[in-house]
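Below: one structure, written as structure tokens.
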Amino acid sequence: MRATFAADPRVEFLDDYQLQVEHALDLVGRERVMFVDASLTCPAPFEATQLQAAQDASFTTHAMFPQALMQVFCDLQGMQPPPCWRFAVNALSWVSRPARRRWHT
């Protein structure tokens with residue numbers, strides 16, 4: 001995906017392994033946002049789901065769900081975040097069995 005859009009100045013990639021509360025500020029000024037995540041439960045090869053802001057307890061942890069991050073944006077900015085999607089990539093083909101067991105615990 002990165003190679004496809006490398007020359008397009010409208011597309012920016014932010015690589016991070018865990019969403020933190022400060023990532024809410026990364027939504028400022030965006031037209032659209034796509035959160036890409038590995039999944040053991042989505043249909044192969046991927047699934048795209050539009051997200052809505054929602055408060056949950058993950059904002060108090062070291063890793064947030066995208067919906068909670070969007071809610072932090074709403075709380076800070078007093079407006080709705082840009083349209084956001086979760087692009088879940090089915091990981092069953094490339095995640096080892098031991099890692100799958102750890103993922104479910």
message: Being of a type in the set (A, V, I, L, M, F, W, C) and modelled with pLDDT under 90 is the requirement here; does Met1 meet it?
response: yes
- request: Output the number of the condition that Leu76 fails; it satisfies all remaining conditions of (1) surrounded by 10 or more Cβ atoms within 10 Å (Cβ to Cβ); (2) within 30 Å of Pro98 (Cα to Cα); (3) touching a helix residue (DSSP H, G or I) at 6+ places or on another chain (Cβ under 7 Å).
  value: (2)
message: Of everything in region 26-37, what is surrounded by 13 or more Cβ atoms within 10 Å (Cβ to Cβ) and over 10 Å from the mean Cα position of the chain (by Cα)? Give them in sequence order.
response: Asp26, Leu27, Arg30
Selected residue [of a type in the set (Val, Ile, Thr) and touching a Leu at 6+ places or on another chain (Cβ under 8 Å)] from Val21, Val36: Val21
query: Going by the structure shown, is Pro82 touching a strand residue (DSSP E or B) at 6+ places or on another chain (Cβ under 8 Å) and surrounded by fewer than 15 Cβ atoms within 10 Å (Cβ to Cβ)?
result: yes
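The values are calculated or read from the model by the stated rules, or taken from the named source; none is laboratory data. Keep in mind the model is a prediction, meaning the values are calculated, not measured. Quick reminder, even Gly has a Cβ in these numbers, built from the backbone with ideal geometry, and neighbours come from all protein chains shown.
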